Every structure is written in C-alpha cells, then in structure tokens.
C-alpha cells in the first residue's frame, strides 16, 4: 500500500482503493480500470451517470482515445524515463528538465501524443502532469511563507509520477460578477474555505471549466493571481470521487459519423463543492494570496506550461495546414493566387510558431537549483499569436471548402441505391464522391461543427484573455537594447 506523509495528520492516501499499487507508466487498460472504479459523481443531461463511465456515449470515444495515449508510452521510444527514486519507467510528462536535451525530450513526447489526436486534446494527461512538475520544481518560492507545505507538494508530485495519475483541474471562478467591485458582492459563488477542521479544509461553492472532469484519478484545484480573499486562496488535490464533489457536464459534441468529435471531444464540466473535506495531507497552500501568486508568477509554472502548450499547438497548426492542402488537392485549386496566398499565410504561422518553440529551448537557462527553464518570452509570443492565428486557419478552411463544407451526405447515403449517383456527382479531382465527402466532413468537424467551434474558442482564450496576454508580453519583454540602439543612432 502506497502512502505519503502529510500535515498535520498522517492520514495516508491509499491507492489500493482503486486496486492499483506502484503502477509506473500505466497502460490504457489500467487507465480504463481506474476511471471505471472511481464512481465519480458526474451529471449529464439532468441525470447522474451510473455504470461504467467509459461506456457512456458522451465519454466513450474520448476515454478510448485517452487510453490509447497511455498505450503509446509502451509502444514508442523515449516516452518514459528512469525514476531516480524507484528506478521504474515513468512518463516523460513528469520529467523536470535538467538540460536542454531533457526539455527536447519532453517536447518529443508531447508532440508524439499530440500527433495521435491532431493536437485537439488540449487536456491530454501531459498538460496537468507538466503543471504538477512545475510546482514541484518551484518550491523555493514558498520558503518562509505561512500556511504553505512545500514538502507535501513534493511528496505528492513523486506519488503522482510513480503511479502515473491522471488529472483534471479547475481554477476559473463563476462568471456571476466580473466587475472590479465584485469583492463587495455578498453572494459568493466561487469555491471558498468555509471551515477548518482536524481532518482538513471544508470547501463550498463552484468552479468552472474542468475539462475531462470526472474521468481522471484526481482534480487539482487552485486560485490564480488576482484572488482577493483569503478564503478563496488555495492549492490542493483530491480524488475525483471525493464525497460532496460533483461534475456537471455540458452537452456532448460526440456524434456518429464525425471523425474528430466522436473521438476527441473532451467533456467540459462545472465543479460543485458541497462541503467537500480536503484532508490536510492534500492541502499545499491555503489562505495565503501572496504564496499562490508567487507559485504561479515567480515559479516555473509559466515557462513549463507554455512549453507544453506551444509543443501541442505546433502539431495542431500542422494538422490544420494538412487539411487545407488536402482540400486544395481534392478539388484542384492550387493554381489560384488567392489560394496560394491563404496557404502562404498558414505556412508563415506554422513556421513562426515552430521557430519560437525552438528558440525558447535554445535560449533557456539553468537556474540555481539545476532546472533547465525554457525562455518564456518566445513562448508567450507564440501562445498570444496562436490565439488569433488558429481562428484564422479555421476561416481559411471554410473559404477553401466553401459549399462543399455544407453538402455532406452520410455514409448510409453512399450505401443506399443513390450511392452510385453520389459517388459520381460529388466526386473530386481524380477521387470519388465518398472520398471527397469524407475529407470535407473532417474539415467541417474541425472548423464548423459544435466541436470545431469549441476548439476555436478554446484556443482564443488558452492561457488567458488575449488582451491580458498581450499586456504580459509587453511587460515581460525587455526593449532596453533596442532603445539604446536608437539613442546611439541619434547621437
């Protein structure tokens, strides 16, 4: 039985509750077994889900795709590394880089997983594993801070790494009042600490947008810079089936005959905390606004997570570029200058983001603790650029596909007595109608369906509001050398 010491009570979390002990680099079958064993309190369309959640129509395709990612850890090279503590093979997404080569190894692993799903799973396990690794590598910023427990955070990171836990997370407050005077609102909807007991914190309220909520081993809950109240300042992790924890799902976008949404629709959930008790051993920060902000802003959270995000976005951009070129070839329109111009626009974006990623790796630095940190400035620029570049890519797909994106008979239509006519009348350049429709349905699912629209919105706001992120880029970027050059010129 695996446990780890906590504070103030050595409660010890028992992995055996899920029937798994000491499971480094798990397989897809193990992930499925854990998810089904959890019995998380997940609500869909007014009803609590019962039975195996991996078999529910709203989750089945995505869970199967996630399980395939875990299997890839055992099928592809360089997806694992030897844990210095146990000697076992653990997932590279948990690796804290000690060199540029380690960082590149992380990128290769992230992009291997992203290539499986076209970069469309923004919350594949490597994202939150990276977040947790960034916290574990940033413990020095908590030194001297009250109500923080860096040793517990390090122990939990090791526990998660050595058992290949999966995570969702939540940090966004409900949008009831986003004005500057919201702190005066007496009706608090955000999850907050309402009591402190011997067994742990008591949390009541709600949080938004836990993608993959209810289908992971754990949920990490934290506040971000800008939190104004101590009772809403915290960092903790709890199992997804903790008493009082509820996940309320949006409507599923997974439908039959959809090549992307049927496989990669990561469910988004509202998280309700109904007097949830968080054991002290799982509390890493509480009632310390400054410590939460320091871990986020002064630690390695930003460069590590940005590196993971941009690594995935490169694959997603290349996937969109491939779909666009496939449309061009399918209907033979590459001779038109406006088409070439659109493709050049996409190529410039793809190559720019790749170059920024490589620059961030190449100009990274070792810090005093021996951790290799990618240069955050190129990564900030890449993520901020992607917020407008990806929606533009989707617009280009719509412009290239035009009416072909609308007239999409089903597979049954091609199997019916009309199939021969459809194959002829809907044909592409040197391709039959069915092949053309399959491609255009893929492009439609990527750029126009509910799933595709959610993907576009997701990328518009990934890592924050575009305006605020642009502000962060400006504030972080040093223009000193450029200004000195101008002054020398004027002299």
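Of the residues making up the range 73-105, those that are touching a residue at least 60 places away in the same chain (Cβ under 8 Å), assigned to a helix (DSSP H, G or I), touching a helix residue (DSSP H, G or I) at 6+ places or on another chain (Cβ under 8 Å) and over 24 Å from residue 62 (Cβ atoms) are 100, 103, 104.
Check the range 387-400 and report whether any residue there is modelled with pLDDT under 95, touching a helix residue (DSSP H, G or I) at 6+ places or on another chain (Cβ under 6 Å), assigned to a helix (DSSP H, G or I) and within 16 Å of residue 448 (Cα to Cα).
Step one: of the range 387-400, the residues modelled with pLDDT under 95 are none.
No, that holds for no residue.
Residues in the range 317-328 include none that are within 26 Å of residue 121 (Cβ to Cβ), at pLDDT 95 or above, in contact with a strand residue (DSSP E or B) (Cβ under 8 Å, 6 or more places away or on another chain) and buried (at least 20 other Cβ atoms within 10 Å of the Cβ).
If you take the residues in the range 238-250 that are under 20 Å from residue 45 (Cα atoms) and in contact with a helix residue (DSSP H, G or I) (Cβ under 8 Å, 6 or more places away or on another chain), which one is surrounded by the most Cβ atoms within 10 Å (Cβ to Cβ)? Give the steps one after another, and end with the answer.
Residues of the range 238-250 under 20 Å from residue 45 (Cα atoms): 240-241, 244-250.
Cutting the leftovers down to in contact with a helix residue (DSSP H, G or I) (Cβ under 8 Å, 6 or more places away or on another chain) gives us 240-241.
Details: 240: 26, 241: 17.
Restricting to residues being under 20 Å from residue 45 (Cα atoms) and in contact with a helix residue (DSSP H, G or I) (Cβ under 8 Å, 6 or more places away or on another chain), the top hit is 240.
Among the residues that make up the range 458-472, is at least one of them within 18 Å of residue 396 (Cα to Cα), touching a helix residue (DSSP H, G or I) at 6+ places or on another chain (Cβ under 6 Å) and either without any contact (Cβ under 8 Å) to a residue 40 or more places away in the chain or surrounded by 15 or more Cβ atoms within 10 Å (Cβ to Cβ) (or both)? Checked against the condition, which is being within 18 Å of residue 396 (Cα to Cα), touching a helix residue (DSSP H, G or I) at 6+ places or on another chain (Cβ under 6 Å) and either without any contact (Cβ under 8 Å) to a residue 40 or more places away in the chain or surrounded by 15 or more Cβ atoms within 10 Å (Cβ to Cβ) (or both), the range 458-472 yields at least one hit.
Where helices (runs of 4 or more DSSP H) fall entirely within the range 289-376, those with at least 3 residues that are without any contact (Cβ under 8 Å) to a residue 24 or more places away in the chain and under 25 Å from residue 119 (Cα atoms) are at 337-362. Checked against the criterion of being surrounded by 13 or more Cβ atoms within 10 Å (Cβ to Cβ), more than 22 Å from residue 316 (Cα to Cα) and assigned by TED's automatic domain parsing to the domain that holds residue 460, the candidates 414, 424, 386 yield just one match: 414. Annotation note: Cβ proximity below 8 Å between a residue of the range 113-140 that is assigned by TED's automatic domain parsing to the domain that holds residue 305 and farther than 19 Å from residue 73 by Cβ and a residue that is modelled with pLDDT under 95 and outside any loop (DSSP other than H, G, I, E, B) (sequence gap 6+ or interchain) occurs for no pair.
The values are calculated or read from the model by the stated rules, or taken from the named source; none is laboratory data. What you see is a predicted model; the values in this text were computed from it and never measured. Quick reminder, even Gly has a Cβ in these numbers, built from the backbone with ideal geometry, and neighbours come from all protein chains shown.
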